[in-house]
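Here's the structure we're looking at; comments come further down.
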Amino acid sequence: MQLNIAKDIEELSMQVAEWISSYIGSSTKTRSRFTFLLSGGSTPEKLYRLLASEKFKNKVDWSRLHFFWGDERCVPFNDHRNNARMAFEALLDHVPVPKENIHPINTAVTPERSAAEYESLLHQYFPDNQHSFDLALMGLGDDAHTLSLFPGSAAVMEKKSRVMTVYNDREKMYRVTLTAPVINAAGRVVFLVSGASKAGALHDVMTGPYDPEKYPAQVICPFNDELYWWVDKAAAAGVE
Ligand code: 6PG
């Protein structure tokens, strides 16, 4: 596990954009496909905009990239809470990724149907359980959730299904979420965490007792140990 601390969200996003674009560049020199799992939430927006900017856009062979989401709120695509909508607006509408390589979680069908569709898509891309995305980008909630794996949810400790539906009481909303096994099979997993509101959760996840039902992000332990935390100073207050 590697912990990187940046001054603020701007420096954090720039450093992660450098890190990601160079990882993609080195991977796509030898392989024709790079699978990139995007996080939801608001933290990654600056990173997505940077990756689409003149500074980074030409460092990546976008034709080789395949995009997925770690979770989705069961709201229409054009709802401001929809994770895919933000990623298209900040990144995917501005880079030449073949449309067929972009896989939003379908919110135009029932959550159960959407989860089943995504489970089958992931099986097509990753037929064995030992390998999944080349890069999985994760966020952290102030309650130590990640993806839509909320404290106390049965989805946190799920070992078999790769995709599940959960009901989030706080938002009164269904979500479709990937589960830990498919993330833990990724080539690299990177958490992007910013802001003082996350300091308590980051402290609990990194230094608290192992209790993933209470601190769900602890359940993310890549099989190959390729776990990278990129945080800003405000979020790192409890772990520095
Ligand atoms: C979601 C996310 C979720 C998010 C964290 C952090 O759909 O909400 O996938 O896990 O990454 O809640 O969200 P912020 O970046 O908005 O703080």
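The values are calculated or read from the model by the stated rules, or taken from the named source; none is laboratory data. Keep in mind the model is a prediction, meaning the values are calculated, not measured. Glycine gets a Cβ as well: all are built from the backbone with ideal geometry, and neighbour counts include every protein chain shown.
The residues of the stretch 69-91 that are within 12 Å of the ligand (Cβ to nearest atom), assigned to a helix (DSSP H, G or I), touching a residue at least 40 places away in the same chain (Cβ under 8 Å) and over 22 Å from Ala186 (Cα atoms) amount to a single one, Met86. Of the listed requirements (1) closer than 26 Å to Val163 by Cα; (2) outside any strand (DSSP E or B); (3) within 15 Å of the ligand (Cβ to nearest atom), Val16 misses just one: (1). Of the residues examined, Leu37 is one that is more than 10 Å from the ligand (Cβ to nearest atom) and touching a residue at least 60 places away in the same chain (Cβ under 8 Å).
Tell me the residue from Asn184, Asn129 that is modelled with pLDDT under 95 and in contact with a Pro (Cβ under 9 Å, 6 or more places away or on another chain), please.
On the way: Asn184 fails: modelled with pLDDT under 95.
When all the criteria are applied, what remains is Asn129.
Residues that are more than 13 Å from the ligand (Cβ to nearest atom), part of a helix (DSSP H, G or I) and closer than 28 Å to Ser26 by Cα do occur in the stretch 183-196, at least one of them.
Selection of the stretch 209-240 for residues being in contact with a helix residue (DSSP H, G or I) (Cβ under 8 Å, 6 or more places away or on another chain), closer than 21 Å to Met157 by Cβ and in a loop (DSSP other than H, G, I, E, B) yields Tyr210, Asp211, Pro212, Glu213, Lys214, Tyr215, Ile220, Cys221, Pro222, Phe223. For the stretch 52-62, the criterion of being surrounded by fewer than 17 Cβ atoms within 10 Å (Cβ to Cβ), assigned to a helix (DSSP H, G or I) and either in contact with a Lys or Arg (Cβ under 7 Å, 6 or more places away or on another chain) or among the polar types (S, T, N, Q) (or both) is met by none of the residues.
Looking at this structure, is Leu122 crowded, with 21+ Cβ neighbours inside 10 Å and either of a type in the set (A, V, I, L, M, F, W, C) or more than 16 Å from the ligand (Cβ to nearest atom) (or both)? Lay out the reasoning, then the answer.
Values: crowded, with 21+ Cβ neighbours inside 10 Å: no; either of a type in the set (A, V, I, L, M, F, W, C) or more than 16 Å from the ligand (Cβ to nearest atom) (or both): yes.
Here the answer is no, as Leu122 does not meet what is asked.
Scanning the stretch 141-165 for residues that are over 21 Å from Asn224 (Cα atoms), among the aliphatic types (A, V, I, L, M) and either within 11 Å of the ligand (Cβ to nearest atom) or part of a loop (DSSP other than H, G, I, E, B) (or both) returns Ala144, Leu149. Residues in the stretch 37-51 that are buried (at least 22 other Cβ atoms within 10 Å of the Cβ) and either among the small types (Gly, Ala, Ser) or within 13 Å of the chain's Cα centre (by Cα) (or both): Leu37, Leu38, Ser39, Gly40, Thr43, Pro44, Leu47, Tyr48.
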